[in-house]
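*Asks:* Structure below; questions to follow.
The values are calculated or read from the model by the stated rules, or taken from the named source; none is laboratory data. Quantities reported herein were computed from a predicted structural model and do not represent experimental measurements. Here the Cβ positions follow ideal geometry from the backbone for every residue, glycine too, while neighbour counts run over all protein chains shown.
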């Protein structure tokens, strides 16, 4: 089964329109929930006023005063309230303050508009500069949500002695995940003789995160909370932490109203209030010897973390750990800071900090090549990490890594050399449309950072079904990436069965163990490996009990499972994550093995820059990557192509415009994600190098494709119309025009 | 509350009569009054195409159509696209080519693609682009959707 | 969905005369394809609550061709325009601008009359209609009048259109076969985009000189506008020696672009001039 393009398990229902997403589930006696939000970046909530003309007695109204348990969303740092209470501080302009429920959606919307919040304004901090200057202290004693330092060797002496020292500043903007299905949660509250029980169903990536959040909010024992992830219309990280907040809101309304309550954000609310990719800025100072060998790197990496810590500590961690890129360097200093501002907190988005720092280093390498008069291909070739080299954290490359081969393959696929020559000649005539080639070489750490997996100690399992088939038990969720199919393939392979004999259980906390959140490119590699182990144990159990004899047919297997059930009532096997003994990590010094392994890639592109309009058209895109063993080539390709498309949007078009701390382009008409007309065919090549961390040698690949497109595109634009100061994404036509005019002005 | 009106139209090949506020969005009429939830709301502003249906044989965004304008029309939703013999060729191709990932754009995409193949059984790349560029997809990068539509065209031809 | 449905009224007049009576009686505002109004309604920002569904009035439909002009019903959808051979033959800019309007589902519902009467400065077909010297036939209970389209827009969403008047038909005079047509829209992306700016240009060439030049601009003023200053500099000039610099300079006086959510005033101004430059290069190349 592994290596075959099995058809997506839930695909038929999807193409028929029969899949029930959260907003599609029919519910008897349903009420709808709405959220009243602050409209200033910072202040003290003094009063809540309910306007005229609304039949308020028909409504359920929830404020912070109603909360029975802890008014903090369980997260890395429990700093974010579910609702701001009277006398408490409003920290950003989309902060939930009042919740309303009513059966009629139109009245509910009218009521939402009729609530007026009285907020005594306080001075706010709206950007990273203001946060660093500490104009106002809005968070802790220094406005820092998290600070990380990585040190290797001593860069300082190199600045004096190196043949070349090149510095640069780079910025990346916020980016909206823009899952097509907006955030949606359904909540039920029931009280029986044992007390209150809360049931949540929704569009959420991490059932056990929501589970923890609800238990804390109501101060309930774990078995009184049940969370099920329904099919999701995309997530990309955007449904990692924010659903905990919405689930809390829906649960409060359901509990107080006595009715099931569904909250579905409309696009505008979803864009304005929920998490985005962290805006970043990076300063890089680098030293090279006369032959172009990298001697020292000093990186100052900053993220705008918004008003609460949420995921910022770990996003910063991943960004910092990818900041030195794929290069061997003896002396490295990386300083990472996540800065608090009075803006809605950003959060997880595919890549999780890495697209930001990798944009900086991969753009920087091209600029270094320019300054040193070297070919960007050759400069990289001289500095690639190889087997036995150590990264900034001291992590030693233990796999047979061939980045030069990867890069050469991508360049051949793109026809880089021929295009480069051709475009150089054509561009020399200053045509209206200039073309360029560019590429980036990069990586992505698979699974949780550092000791994350050890702390999670995830569990996954297999369960015998009454008809003799097998069900996979894991809390991992399906958001379109193909987890149902890949898990079934992994289990089927280990069991020795066709895929039809394996089901995947719903991601329901009352039924599946905590296999951890569906994030960090960890599901296939980490959870998949647990499933493989549980499947091996499942099969061994049947063999040892004498119920099954090898070789066996699927029917014999089914019969053995039924016999096992008849004998013992139920049959389940589980496996738990244990850190491999050779993997060491120190959270305080940031030294050791940051990730069990990395995926590696080179993306190459050719673009056309129209110098009449400064629009950039992506005419060809090649994505070559090494992702261990590919479990399902068709699904894997789809993941890469989709990630590249998001990466192209990140690099060229998708801009979050902020005014006074809030996003103002909250519609699909003014936040432009790519349409079919904007993208070329995205060509994908997998180079396979099986790795023992994952099932059948698979690594995790979901986030990797986000990391490469932005720098590759800007490198190509620079080839076409540069050298320009192309230091920022999205490089919109407006910015590109400005940069071209800088040069024209001299 | 303004008067409800009684609408008569054809829905997925069958006559349908329904009392509804004339300004109700067709999208809401389908999802809430008729329980046909295959048609999705992705934006509510006619940008994403997740709510696409066929109205008198033309692709429209059902979030932009008031119920009154459906009077007397022939309406086909994703629930009416599959044939008695099984999946519509574009549905089969989207499934086979992994053109549906999260699946939320898929009903609208299938409607637009089916409309294209009816008008234009052997579309070139430009025609596919014109037909589907009003259907946003955030998962696939469109490459596999285009492959699927071309495969469906070959299977129909 | 943020619109308040219970407050809304949508009625369907049975005939044009009934529609005009209802308009005159302030019973509601016209509602056609809905591709603009429904967006505003969904966002909860539609101020009016009473509408008249005019989408099926026969007098406002159809495309008629005469030797001199094309007569387009205000209810012609972009798809209907694109399906008509005479449009392709005589008005390539209308083809381009209709194809650039939204995407297929919008083109199937959006109407030419709606595109005009919605009066968005960023609408795609109006600059082309300006460049083609279109006329509008307006009907009211008081009768019919014909106005040049170039004098129809008088400011941001201000039109030469009385409360009881409807845009009934649009007449576009045919150009000679030797005309040069240029249209380009610069949007936020390649499809399903609202214009950051657009420029339509139509000209004839007589004795090596520009004749009958008209330029329409989109999204660089409170309404779609003619570029009269630039036209004035270029009219009658020899193709071999066009006053390029002066024309681009003059174009500045035709625009009052702003910074907004989609672009910057500087970009709009610069790129609109770049488009004129490109159009003039195209024109020169044709002349040679």
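*Asks:* Which residue pairs have Cβ atoms under 7 Å apart, sit 6 or more places apart or on different chains, and have a first residue in the stretch A:325-336 that is on the phi > 0 side of the Ramachandran plot and a second that is surrounded by 23 or more Cβ atoms within 10 Å (Cβ to Cβ) and not in a strand (DSSP E or B)?
*Replies:* Within 7 Å, the pairs are A:325/A:358; A:325/A:361; A:325/A:362.
*Asks:* Right, here's the next one. Restricted to the stretch B:51-74, and to residues that are within 10 Å of the chain's Cα centre (by Cα) and over 18 Å from residue B:104 (Cβ atoms), which residue is farthest from the other protein chains (Cβ to nearest Cβ)?
*Replies:* B:54
*Asks:* Suppose the filter is touching a helix residue (DSSP H, G or I) at 6+ places or on another chain (Cβ under 9 Å), within 14 Å of chain C (Cβ to nearest Cβ), surrounded by fewer than 21 Cβ atoms within 10 Å (Cβ to Cβ) and part of a helix (DSSP H, G or I); does residue B:127 pass it? Lay out the reasoning, then the answer.
*Replies:* Numbers: touching a helix residue (DSSP H, G or I) at 6+ places or on another chain (Cβ under 9 Å): yes; within 14 Å of chain C (Cβ to nearest Cβ): yes; surrounded by fewer than 21 Cβ atoms within 10 Å (Cβ to Cβ): yes; part of a helix (DSSP H, G or I): yes.
Yes; evaluated as a whole, the condition is true for this residue.
*Asks:* Can you find a residue in the stretch B:46-54 that is in contact with a helix residue (DSSP H, G or I) (Cβ under 7 Å, 6 or more places away or on another chain) and either assigned to a helix (DSSP H, G or I) or surrounded by fewer than 23 Cβ atoms within 10 Å (Cβ to Cβ) (or both)?
*Replies:* no
*Asks:* Testing residue A:127 on (1) under 20 Å from residue A:347 (Cα atoms); (2) without any contact (Cβ under 8 Å) to a residue 60 or more places away in the chain; (3) touching a strand residue (DSSP E or B) at 6+ places or on another chain (Cβ under 8 Å), one condition comes back false. Which one is that?
*Replies:* Only one criterion in (1) under 20 Å from residue A:347 (Cα atoms); (2) without any contact (Cβ under 8 Å) to a residue 60 or more places away in the chain; (3) touching a strand residue (DSSP E or B) at 6+ places or on another chain (Cβ under 8 Å) is unmet by residue A:127, namely (2).
*Asks:* I need a count of the residues in the stretch B:24-45 that are part of a helix (DSSP H, G or I), touching a helix residue (DSSP H, G or I) at 6+ places or on another chain (Cβ under 6 Å) and within 14 Å of chain A (Cβ to nearest Cβ). Explain how you work it out, then say what you get.
*Replies:* First, the residues of the stretch B:24-45 that are part of a helix (DSSP H, G or I): B:26-33.
Now drop any that are not touching a helix residue (DSSP H, G or I) at 6+ places or on another chain (Cβ under 6 Å), which leaves B:26-27, B:29.
Next, only the ones that are within 14 Å of chain A (Cβ to nearest Cβ) stay: B:27, B:29.
Count: 2.
*Asks:* Which of the residues belonging to the stretch C:101-119 are within 12 Å of the chain's Cα centre (by Cα) and in a loop (DSSP other than H, G, I, E, B)? Can you show your working first?
*Replies:* First, the residues of the stretch C:101-119 that are within 12 Å of the chain's Cα centre (by Cα): C:101, C:111-119.
Answer for the stretch C:101-119, where residues must be within 12 Å of the chain's Cα centre (by Cα) and in a loop (DSSP other than H, G, I, E, B): C:101, C:118, C:119.
*Asks:* Something else now. Looking for something in a loop (DSSP other than H, G, I, E, B), touching a strand residue (DSSP E or B) at 6+ places or on another chain (Cβ under 8 Å) and within 21 Å of residue A:368 (Cα to Cα) - is there at least one such residue anywhere in the stretch A:245-262?
*Replies:* no
*Asks:* Just give me the residues in the stretch C:1-19 being part of a helix (DSSP H, G or I), away from chain B (no Cβ under 13 Å), surrounded by fewer than 19 Cβ atoms within 10 Å (Cβ to Cβ) and touching a residue at least 40 places away in the same chain (Cβ under 8 Å), in sequence order. Break it down stepwise before answering.
*Replies:* Here is the first cut: in the stretch C:1-19, the ones part of a helix (DSSP H, G or I) are C:5-7, C:16-19.
In the following step, the residues that additionally are away from chain B (no Cβ under 13 Å) were identified as C:16-19.
Checking which are surrounded by fewer than 19 Cβ atoms within 10 Å (Cβ to Cβ) leaves us with C:16-18.
Within the stretch C:1-19, C:16, C:17 meet the criteria.
*Asks:* Starting from residues that are over 22 Å from the mean Cα position of the chain (by Cα) and within 14 Å of chain B (Cβ to nearest Cβ), keep the ones in the stretch A:599-620 and report whichever is surrounded by the fewest Cβ atoms within 10 Å (Cβ to Cβ).
*Replies:* As a first pass, look at the stretch A:599-620 and keep what is over 22 Å from the mean Cα position of the chain (by Cα): A:604-620.
With the extra rule that they be within 14 Å of chain B (Cβ to nearest Cβ), the set shrinks to A:605, A:617-620.
Values: A:605: 30, A:617: 16, A:618: 23, A:619: 13, A:620: 20.
Out of the qualifying residues, it is A:619.
*Asks:* Residue A:570 - would you say it is within 30 Å of residue A:150 (Cα to Cα), part of a loop (DSSP other than H, G, I, E, B) and either assigned by TED's automatic domain parsing to the domain that holds residue A:460 or more than 24 Å from the chain's Cα centre (by Cα) (or both)?
*Replies:* Numbers: within 30 Å of residue A:150 (Cα to Cα): no; part of a loop (DSSP other than H, G, I, E, B): yes; either assigned by TED's automatic domain parsing to the domain that holds residue A:460 or more than 24 Å from the chain's Cα centre (by Cα) (or both): yes.
It is false that residue A:570 is within 30 Å of residue A:150 (Cα to Cα), part of a loop (DSSP other than H, G, I, E, B) and either assigned by TED's automatic domain parsing to the domain that holds residue A:460 or more than 24 Å from the chain's Cα centre (by Cα) (or both).
*Asks:* Taking the stretch A:633-645 on its own, how many of its residues are more than 7 Å from every other protein chain (Cβ to nearest Cβ) and either modelled with pLDDT under 95 or buried (at least 22 other Cβ atoms within 10 Å of the Cβ) (or both)?
*Replies:* Here the count works out to 5.
*Asks:* If you don't mind, another one. Need at least 3 residues that are surrounded by 20 or more Cβ atoms within 10 Å (Cβ to Cβ) per element, so show me which strands (runs of 3 or more DSSP E) inside the stretch A:1-73 make the cut, counting only ones lying wholly within it. Steps first, answer last, please.
*Replies:* Numbers: elements: A:31-37, A:43-50, A:60-62.
The strands (runs of 3 or more DSSP E) meeting that bar are A:31-37.
*Asks:* Of everything in the stretch A:675-700 that's touching a strand residue (DSSP E or B) at 6+ places or on another chain (Cβ under 9 Å) and facing chain B (nearest Cβ under 8 Å), which residue is surrounded by the fewest Cβ atoms within 10 Å (Cβ to Cβ)?
*Replies:* Among them, the one singled out is A:681.
*Asks:* Another question, then. I'm told residue B:94 meets every condition in (1) more than 11 Å from chain A (Cβ to nearest Cβ); (2) crowded, with 23+ Cβ neighbours inside 10 Å; (3) touching a helix residue (DSSP H, G or I) at 6+ places or on another chain (Cβ under 6 Å) except one. Can you identify the failing condition by its number?
*Replies:* (1)
*Asks:* Here is a follow-up. Look at the stretch B:141-157 and say how many of its residues are part of a helix (DSSP H, G or I), crowded, with 24+ Cβ neighbours inside 10 Å and either touching a strand residue (DSSP E or B) at 6+ places or on another chain (Cβ under 9 Å) or at pLDDT below 95 (or both).
*Replies:* Result for the stretch B:141-157: 1.
*Asks:* Then there's this: Among the listed residues B:121, B:66, identify the single one that is touching a helix residue (DSSP H, G or I) at 6+ places or on another chain (Cβ under 9 Å) and not assigned by TED's automatic domain parsing to the domain that holds residue B:11.
*Replies:* Details: B:66 fails: not assigned by TED's automatic domain parsing to the domain that holds residue B:11.
Sole residue among the options that is touching a helix residue (DSSP H, G or I) at 6+ places or on another chain (Cβ under 9 Å) and not assigned by TED's automatic domain parsing to the domain that holds residue B:11: B:121.
*Asks:* Picking from C:195, C:200, C:163, which residue would you name as being more than 14 Å from the chain's Cα centre (by Cα) and either assigned by TED's automatic domain parsing to the domain that holds residue C:239 or closer than 22 Å to residue C:75 by Cα (or both)?
*Replies:* Selected residue: C:163, the only one of C:195, C:200, C:163 that is more than 14 Å from the chain's Cα centre (by Cα) and either assigned by TED's automatic domain parsing to the domain that holds residue C:239 or closer than 22 Å to residue C:75 by Cα (or both).
*Asks:* Let me ask something else about it. Is one or more of the residues making up the stretch C:181-188 touching a strand residue (DSSP E or B) at 6+ places or on another chain (Cβ under 7 Å), more than 14 Å from chain B (Cβ to nearest Cβ), at pLDDT below 95 and in a strand (DSSP E or B)?
*Replies:* No.
*Asks:* Separate question: Under 6 Å by Cβ, and 6 or more places apart or on different chains, what pairs join a residue from the stretch C:223-250 that is without any contact (Cβ under 8 Å) to a residue 24 or more places away in the chain with one that is part of a helix (DSSP H, G or I) and surrounded by fewer than 16 Cβ atoms within 10 Å (Cβ to Cβ)?
*Replies:* C:233/C:246
*Asks:* Additional query: Residues that are on the phi < 0 side of the Ramachandran plot and under 25 Å from the mean Cα position of the chain (by Cα), at least 2 per element: which helices (runs of 4 or more DSSP H) completely within the stretch A:342-418 meet that?
*Replies:* In the stretch A:342-418, the matching helices (runs of 4 or more DSSP H) lie at A:354-372, A:403-414.
*Asks:* Something else now. Pull up the stretch C:263-283, narrow it to residues that are surrounded by 18 or more Cβ atoms within 10 Å (Cβ to Cβ) and more than 8 Å from chain A (Cβ to nearest Cβ), then point me to the one that is farthest from residue C:236 (Cα to Cα).
*Replies:* C:268
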